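Notes for the one structure printed next.
The values are calculated or read from the model by the stated rules, or taken from the named source; none is laboratory data. Just so we're clear, the structure is a prediction, and the values are computed from it rather than from any experiment. Here the Cβ is made from the backbone with ideal geometry for all residues, glycine too, and neighbour counts use every protein chain on show. What goes into the accessible areas is simple: the full protein's heavy atoms, side chains included, and nothing from ligands, DNA or RNA. Shrake-Rupley method; radii C 1.70, N 1.55, O 1.52, S 1.80 Å.
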Amino acid sequence: MHEASLVQGLLDMTIKAVNDHNVAHPESRVSHIVEIQCELGLLACVEAQTLTACFELLAEGTLAEGAKLTLATAPLACRCTQCGHEFSLTQRHFVCPSCGGENIHFNGGHGMTLMALHVASEEPDHD
């Protein structure tokens, strides 16, 4: 199950970003991560439910415990080699919408990209 290693890498990256922020900006420390937004490539071969379950499990005891993991599918840029039409796919239906050709050229679509990190700040002391 490679979802667990993807989630661990995502958590390592986001927690490091929060810790780096807290060191650089002690006056506006982040207390925890609220939401992590990611895009999955159309060809990422990642099960979203498994990824979310791994996230909930691996986030326990970290700054991301209780955070929401939001996943979206990134459009896959394609070009039909028959008619030259350029288009984007958001579903795994590899047919040119212009000519119906099935000889589609594309690059990428295999990764996961961190799009946004939403955090909560520590409440300042009001003495």
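Summary of computed values
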| item | result |
| --- | --- |
| Difference of contour (0.36 nm per residue) and Cα-Cα distance, Glu123 to Asn22 | 35.0 nm |
| Ranked order, Ile36, Ile104 - accessible area, probe 1.4 Å, largest first | Ile104, Ile36 |
| Prolate/oblate/rounded call for segment 57-114, Cα gyration tensor, a/c under 1.5 rounded | prolate |
| Solvent-accessible area, 1.4 Å probe, carbon plus sulfur percent, for segment 16-127 | 49 percent |
| Solvent-accessible surface (1.4 angstrom probe) belonging to Val34, in square angstrom, nearest 10 | 70 Å² |
| Neighbourhood net charge (12 Å Cβ-Cβ; Lys/Arg +1, Asp/Glu -1) for Val46 | -3 |
| Sequence of Phe55, Phe87, Phe106 from largest to smallest accessible area, 1.4 Å probe | Phe106, Phe87, Phe55 |
| Computed lengthening from Glu47 to His110, 0.36 nm per intervening residue step minus Cα-Cα distance | 21.4 nm |
| Length-normalised contact order for the chain - Cα pairs under 8 Å, 6+ apart - percent | 34 percent |
| The chain - Rg (one decimal) and Dmax (whole number), Cα, Å | 19.3, 71 |
| Area of Val119 that stays accessible when all protein chains are in place (1.4 Å probe, Å², to 10) | 60 Å² |
| Thr90, Thr14, reordered so the largest accessible area comes first (probe 1.4 Å) | Thr90, Thr14 |
| Average accessible surface area per residue within segment 19-127, 1.4 Å rolling probe, Å² | 63 Å² |
